[in-house]
Amino acid sequence: MEIDNGDRPPVPGVDGNDAATRQSPVTPPSPVVDTNQNPDPKPGKEPKKHRNHPVLIAICGGIVGALALFLVLRLGGFVGRTIRVNSGNSGPNQTITITPNSEDTSTAEAVAAKAVPSVVSIYATSDNASGLGSGVMLDTDGNILTNYHVIEGASSISVTIEGTSYTASVVGSDESSDLAVIRADLQGASVTPIEVSDSSQLVMGQWVMAIGSPYGLEQSVSTGIVSALYRSTMMQSTSGNTIYTNLIQTDAAINPGNSGGALVNDQGQLVGINTLIESESGSNAGIGFAIPANYAIQVANTILSGQTVVHPYIGLTMQTVTSAAAQRYNLGTTSGAYVVNVTSGSPADSAGIQRGDIITAVDDQQITSADGLILAIRSHNVGDTVQITLVRNGREQTVSVTLGSDEGKMTTQNQKNQNNSGNDIFGFGQGGDNGSSSSNPFDGFGSLNSYDYQN
């Protein structure tokens, strides 16, 4: 649940010196008097034959020329308009075509008018806390997509849609990806579902707008750009770990209360669910993150269909290799994910990965920690085949692993959660290594992380 105090989401004139820039005053020359024609000219006025007509003509010509240039640029669409990069990936040899268009501040006005009615405010309360967040309207039945942490542990939920409050209930959630679907009791009221775009088409620098209820200020908007793509992180908690992969980074202002709200493009279409910020203060620092709409909608549709949300699964328990541990136990590499245990019958077991192996890469992505391996696996899909580079007995080798599904584990974990009898949430929680700790070189020494990661 997101708390008002900012606990979630966790969870981016130079003074001129006039004296230095002034020039010394120049004393004007004394007037030249032609005693033959006008022996007594008026003070401060030169005889007519000395007036500088060519200078006046040049000034007038410059003004006329500037006006002409302005008119040409205006008619050609280069003045008073915004330019947009059509396409291209950044690089030293890239060719970028810039086409002028009529996008200006009216774009933000039009996008807000279109998308704001589809974003709701969510108020969640529990026995000892209350919080607020945002959500996006999925359909006319009242289904709303939001972050799991907005409604986590809530005993009652209400939503505000276009100024009217409704009660709501949880349809389903996926704590591991921090997504949930709730349903508002609309009592026959009409709502505006949000239009969804293909988030895989986003590019860095693209204009975006964040919509939500920062600090309870309902239906607030802020604009920015896509700062980066494919950011990943994992957040630890006492109940487990939340995996965030392929996040959209934006500099649009995101604050506590924006969680679960919409990140939309210049067509007012959903491209992401605002989720996290990177900030020392807990408020906007210009570094915010959103879950891509493609993945969020996929999870929502799975929940609405009554199915269990599943994730790619490899079947390993791991710990992070540190340089100190590598030196002490002569591991053959100074970083990576040490395999503490291999689940029997898992994809890793079928591929021949063994206890004591140190995984250093997945495809071309270097792995320096246990959580890095989990993020790399979770950025793929069930059924994908990946190349795992590992070090065994000081020698490097590569194996192919076809990722499975964690559906069985998820079902078991959901039952544990319902009984409040487990803290091994979604297979990423604390725990030992299934009774085989005697051969684990990290026992009694620890690693960067003090517990085992499972996936």
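The values are calculated or read from the model by the stated rules, or taken from the named source; none is laboratory data. Only a predicted model underlies this, so the values are computations on that prediction, with no experimental measurement involved. Positions of Cβ are backbone-derived with ideal geometry, glycine not excepted, and every protein chain shown enters the neighbour counts. The accessibility values were calculated without ligands, DNA or RNA, using every heavy atom of the protein model including side chains. Shrake-Rupley method; radii C 1.70, N 1.55, O 1.52, S 1.80 Å.
Applying the criterion of being more than 17 Å from the chain's Cα centre (by Cα) and part of a strand (DSSP E or B) to the residues of region 208-237, the residue that is modelled with the highest pLDDT is Ser220. Counting residues in region 295-306 that are among the aromatic types (Phe, Trp, Tyr), more than 20 Å from Ser134 (Cα to Cα) and out of contact with any helix residue (DSSP H, G or I) (no Cβ under 7 Å at 6 or more places or on another chain) gives zero. Condition test on Val310, is it open to solvent by 30 Å² or more (accessible area, probe 1.4 Å) and either assigned to a strand (DSSP E or B) or at pLDDT below 95 (or both)? So Val310 fits the description; yes. Once region 108-128 is narrowed to residues that are under 22 Å from Glu175 (Cβ atoms) and among the aliphatic types (A, V, I, L, M), the residue that is surrounded by the most Cβ atoms within 10 Å (Cβ to Cβ) is Ile122.
Name the residue that is surrounded by the fewest Cβ atoms within 10 Å (Cβ to Cβ), counting only residues in region 394-410 that are at pLDDT 90 or above and either closer than 12 Å to Ala348 by Cα or touching a His at 6+ places or on another chain (Cβ under 9 Å) (or both). Here the answer is Ser400. Against the condition open to solvent by less than 30 Å² (accessible area, probe 1.4 Å) and more than 13 Å from Ile273 (Cβ to Cβ), how does Gly131 come out, does it pass? Considered against the rule, which asks whether it is open to solvent by less than 30 Å² (accessible area, probe 1.4 Å) and more than 13 Å from Ile273 (Cβ to Cβ), Gly131 comes out as yes. Considering only residues in region 263-276 that are open to solvent by 20 Å² or more (accessible area, probe 1.4 Å) and touching a strand residue (DSSP E or B) at 6+ places or on another chain (Cβ under 9 Å), the one that is nearest to Ser118 (Cα to Cα) turns out to be Gln269. Looking at Val170, Val181, just one residue is open to solvent by 50 Å² or more (accessible area, probe 1.4 Å), modelled with pLDDT of 95 or more and closer than 30 Å to Glu407 by Cα, and that residue is Val170. Taking the numbered list (1) open to solvent by less than 20 Å² (accessible area, probe 1.4 Å); (2) part of a loop (DSSP other than H, G, I, E, B) in turn, Ser279 passes all entries but (1).
When you go through Gly240, Gly260, Gly188 one by one, which is the residue that is more than 23 Å from Ser106 (Cα to Cα), modelled with pLDDT under 95 and open to solvent by less than 50 Å² (accessible area, probe 1.4 Å)? Step by step, each of Gly240, Gly260, Gly188 is checked, and only Gly240 is more than 23 Å from Ser106 (Cα to Cα), modelled with pLDDT under 95 and open to solvent by less than 50 Å² (accessible area, probe 1.4 Å).
The number of residues in region 191-204 being surrounded by 13 or more Cβ atoms within 10 Å (Cβ to Cβ) and either modelled with pLDDT under 95 or part of a loop (DSSP other than H, G, I, E, B) (or both) comes to 9. The set of residues in region 285-307 being open to solvent by 50 Å² or more (accessible area, probe 1.4 Å) and polar (S, T, N, Q) consists of Asn294, Gln298, Asn301, Ser305, Gln307. Once region 144-160 is narrowed to residues that are open to solvent by 10 Å² or more (accessible area, probe 1.4 Å) and in a strand (DSSP E or B), the residue that is nearest to Leu270 (Cα to Cα) is Thr160.
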